[in-house]
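Notes follow once the structure below has been shown.
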C-alpha cells in the first residue's frame, strides 16, 4: 500500500508538473497535426488518410514519449530533485514504472490526435481498434523506456535532446514508415529488424490497412521481448550510473 | 546505544581516494558533526550512508541494518537534507512537503496534517501556497529541512544545513536542529563552520583528505590544545628592549610580540603572573591588562589538521555567506 501511494504520487506529480503544462499540451496537438498535413501535402492526394494513419500514430507516440521523458528526467537530475526519488524507500523497478507511465500516457494520447483529425474526413470503422490500441501501448512503452535509457546517459537537457534525435530519426526511416521494409537496401534491412518501432509499425499497418509483413503474434512477442530487455537495461543503468 | 557504526569505509573514484578507510560510531540521540574543508570527503561519506553512492570497501550498520545490503530498509528510518535545496520549483511549499511525505507511503490526511505542523514550526505557513522558486534562500533551506523530516525519521542526515543563508535563518536552523535532538533524533551533520560544530555538536570528527584525523567531544578536542597556556599582556610601553632579560628570567615562557604595546606569553605550564609583573614593574613598564587566551575549536582544528581556518573562511565566502 505504501509503495502504491509513492508510485501514484510520482506519476501524479509528473503529469501535473510536466505533461499538463500548456506548452506540452499544445506541442502534443500541433506536432501530430503538422505531421498529418505534411504527409498529405507530400502525397499530393495520391495517398489516402487511412494509409497515412499508422505512420502518423507511430511518429506521434515515438516523439511524444522519448522527448518528454528524457528531458524531464535530465531536468530533475540536474536540479537534484531526482535524488529524492532515489532516496525514497521504493524499489528502482517501481520508480522506473512510475516515471515512464506518465510518458506512456502522454504518448498514447498523442497517438490519437491524428485519429481524431482523420475521423472528420474518413470512415474509421474498418480499423481493428483492439490491435491498434495494443500496438500503440507497446510502441509507447518501448519508446518511453528508450527515453529513459537516453536520460540515464545524458547529463544536460540539450544532450538528452541530441541523443534522442540520434535514435529517433534513423528509426523513423528504417522502420518501414517512409520506405516499405521490402524496399529497404539489403545492408539496412538487418538494422530495421533490431528496432522495436519496426514491429510496432507493422502491427499498426496490419490493424489499419490490413498490410503487414509479420503476423501480429510474432510482432507482439518481439515487442514484449524489447520491453523486457529495455526495462532490464534501464534498471541496470540507473543502478550503475546514478548510484555511483 | 550505538545507532550508526561505520567501519573501514572507502570510496575511490579512479585514482582519487575520496574516503580513505574511515571508522566511527554514533550514539542514539547525539548530534555528530563531520567537520572539514570542501573536498574532504564529507558528502561522499553521507552519500554512501544514505544509498546514493556505493562504497569501494567497508561496512555501514544503521540501526542494526546493513546499509550496503539493505539500503531500502534503512531509507525508511532516515531523513536526508542534502547540501542543495532540491525541492520542486513549480510546486508550492505545502505540495512539496506532501509529495515528500507520500514517497514514504504516508496517507493524504496524515501527510497534510504533518505538512501543516512543520510549516507552522518552521514559520513558513504564510508562504505555504507560494511556488518554491519564489522562496528566499533561507526559506528554501528551511523547507528542505522540513521535507527531510516529514516522515518523522529516527536518524537525520544534514549536509551543510546552514551554508549560503543569512545569519538569522542560520540561527533559526541551528535552533531547529537542537529541537530535533530534544525529540530524541540522532543527527549526522556535516559542516565547514567550526563555530556551528562547536555550538551544536555533541561529538565532532575532523575529516581531511578523506581521513578522520580526530574525533571527540568539544571538551576532549580542546584538551589537546589546552596543553599550552597563553596570556596576552597590554603594556604602556614597548618591551622589545627587555625581552631578552624576560626570556632569561623565565626560560619556560615563550614571548611573542603582538603589535607595539602588546605581547603574548606562552608556556606549557601555568603562568605565574606576580614574578612577571614584578620584573616588568622594575623595568618601568606598566601592565594595563592581562588576559588568559583560551584556545578555540578553530585552534584545535588548525593544530590537528594543519589546515588554516582562513581556508575554511575563504570557502565560506565563496559560498556566499
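Observations
- Here is the figure for segment B:55-78: residues that are within 12 Å of another protein chain (Cβ to nearest Cβ), touching a residue at least 24 places away in the same chain (Cβ under 8 Å) and not in a helix (DSSP H, G or I) total 3.
- All positions within segment B:79-109 that are more than 10 Å from every other protein chain (Cβ to nearest Cβ) and farther than 22 Å from residue B:141 by Cβ: B:109
- Verdict on residue B:164 being more than 12 Å from chain A (Cβ to nearest Cβ), in a loop (DSSP other than H, G, I, E, B), under 29 Å from residue B:2 (Cα atoms) and within 28 Å of the chain's Cα centre (by Cα): no
For every residue, the table says whether it meets (1) within 14 Å of chain B (Cβ to nearest Cβ); (2) within 14 Å of the chain's Cα centre (by Cα); (3) in a helix (DSSP H, G or I); (4) within 30 Å of residue B:11 (Cα to Cα).
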residue: A:142; (1), (2), (3), (4): no, yes, yes, no
residue: A:148; (1), (2), (3), (4): no, yes, yes, yes
residue: A:162; (1), (2), (3), (4): no, no, yes, no
residue: A:165; (1), (2), (3), (4): no, yes, yes, no
residue: A:182; (1), (2), (3), (4): no, no, yes, no
residue: A:200; (1), (2), (3), (4): no, yes, yes, no
residue: A:211; (1), (2), (3), (4): no, no, no, no
residue: A:222; (1), (2), (3), (4): no, no, yes, no
residue: A:239; (1), (2), (3), (4): yes, no, yes, yes
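- For segment B:230-243, the set of residues classified as within 20 Å of residue B:269 (Cα to Cα) and at pLDDT below 85 consists of B:243 only.
- Listed by first and then second residue, the pairs with beta-carbon distance under 8 Å, at least 6 apart or on different chains, first residue in segment A:1-12 and at the interface with another protein chain (Cβ under 8 Å from one of its Cβ atoms), second surrounded by fewer than 14 Cβ atoms within 10 Å (Cβ to Cβ) and outside any helix (DSSP H, G or I), are A:3/A:91; A:5/B:107.
- Among the numbered conditions (1) within 14 Å of chain B (Cβ to nearest Cβ); (2) touching a helix residue (DSSP H, G or I) at 6+ places or on another chain (Cβ under 6 Å); (3) at pLDDT below 90, the only one that residue A:77 does not meet is (2).
- In segment B:241-258, the qualifying residues are those that are touching a strand residue (DSSP E or B) at 6+ places or on another chain (Cβ under 9 Å) and not in a strand (DSSP E or B), and the one that is nearest to residue B:289 (Cα to Cα) is B:258.
- Taking the conditions (1) crowded, with 19+ Cβ neighbours inside 10 Å; (2) in a helix (DSSP H, G or I) in turn, residue B:174 satisfies each one other than (1).
- Selection count, segment B:53-72, where residues are surrounded by fewer than 15 Cβ atoms within 10 Å (Cβ to Cβ), closer than 25 Å to residue B:147 by Cβ and in contact with a strand residue (DSSP E or B) (Cβ under 6 Å, 6 or more places away or on another chain): 0
- One residue alone among A:87, A:95 is touching a strand residue (DSSP E or B) at 6+ places or on another chain (Cβ under 7 Å) and within 14 Å of chain B (Cβ to nearest Cβ), and that residue is A:87.
- Meets criteria (closer than 23 Å to residue B:17 by Cβ, in contact (Cβ under 8 Å) with a residue 60 or more places away in the chain, in contact with a strand residue (DSSP E or B) (Cβ under 8 Å, 6 or more places away or on another chain) and crowded, with 16+ Cβ neighbours inside 10 Å) for residue B:215: yes
- Just one of (1) over 25 Å from residue A:79 (Cα atoms); (2) within 14 Å of chain A (Cβ to nearest Cβ); (3) touching a helix residue (DSSP H, G or I) at 6+ places or on another chain (Cβ under 7 Å) fails for residue B:35. It is (2).
- Some residue of segment B:92-109 being under 24 Å from residue B:171 (Cβ atoms) and in contact with a strand residue (DSSP E or B) (Cβ under 7 Å, 6 or more places away or on another chain): no
- When each of B:194, B:212 is tested for being touching a helix residue (DSSP H, G or I) at 6+ places or on another chain (Cβ under 8 Å) and closer than 26 Å to residue B:32 by Cβ, the lone residue that passes is B:194.
The values are calculated or read from the model by the stated rules, or taken from the named source; none is laboratory data. What you are looking at is a predicted structure, and each value in this text was computed from that prediction instead of being measured. Cβ sites come from the backbone with ideal geometry, for glycine too, and all protein chains shown count toward neighbours.
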